1. Return the only residue of ARG103, ARG71, ARG30 being within 25 Å of GLU16 (Cα to Cα) and charged (D, E, K, R).
2. Mind listing whichever residues of region 56-82 are in a loop (DSSP other than H, G, I, E, B), modelled with pLDDT of 95 or more and either among the small types (Gly, Ala, Ser) or open to solvent by 50 Å² or more (accessible area, probe 1.4 Å) (or both)?
3. For region 53-106, which positions are of a type in the set (Ser, Thr, Tyr), free of Cβ contacts under 8 Å to residues at least 60 places away in the same chain and closer than 21 Å to ALA40 by Cα?
4. Which members of region 1-42 meet the condition of being exposed (fewer than 13 other Cβ atoms within 10 Å of the Cβ), modelled with pLDDT of 95 or more and not in a strand (DSSP E or B)?
5. For region 84-97, indicate whether the set of residues that are in contact with a strand residue (DSSP E or B) (Cβ under 9 Å, 6 or more places away or on another chain), outside any loop (DSSP other than H, G, I, E, B) and open to solvent by 60 Å² or more (accessible area, probe 1.4 Å) is non-empty.
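The values are calculated or read from the model by the stated rules, or taken from the named source; none is laboratory data. Computed from a predicted model, the values in this text were never measured in an experiment. Positions of Cβ are generated from backbone atoms using ideal geometry, with glycine treated the same way; all protein chains shown enter the neighbour counts. Just so you know, the surface numbers come from the protein's heavy atoms only, side chains and all, with ligands and any DNA or RNA stripped out. Shrake-Rupley method; radii C 1.70, N 1.55, O 1.52, S 1.80 Å.
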Amino acid sequence: QVQLVESGGGLVQAGESLRLSCAASGSGFRINAMGWYRQAPEKQREWVARITSGGTTNYGNSVKGRFTISRDNAKNTVWLQMNSLKPEDTAVYYCNAVVVNSRGGYVEVWGQGTLVTVSS
């Protein structure tokens, strides 16, 4: 079975930058789209960014112009470059992937999350 592992979270000051990474591992799978979500305390999970297998990107309004999502299809890895961070960006960030399993079905897979804390 495939699993996603995020890394790169930490504590930064407002205005600074951070880059998150997410790597997929396993066998018998193929990844279609990948994305990033975040969840702040007492808030619902929020979509942040997504990228298709062909490299087309989309961003939530709250991060547009500040965050950049990218991927390496050969490595099944996705990154989220976060610039000009704000305190309201503080959240646990989750990697997500649409995975084609051995039966040809599509399954949503989630990482364990990595905490980003932005101080003012």
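1. Answer to the check: ARG71.
2. THR56, GLY60, ASN61, SER62, LYS64, GLY65
3. Residues satisfying the conditions are TYR59, SER62, THR68, THR90.
4. GLY15, SER17
5. Checked region 84-97: at least one residue is in contact with a strand residue (DSSP E or B) (Cβ under 9 Å, 6 or more places away or on another chain), outside any loop (DSSP other than H, G, I, E, B) and open to solvent by 60 Å² or more (accessible area, probe 1.4 Å).
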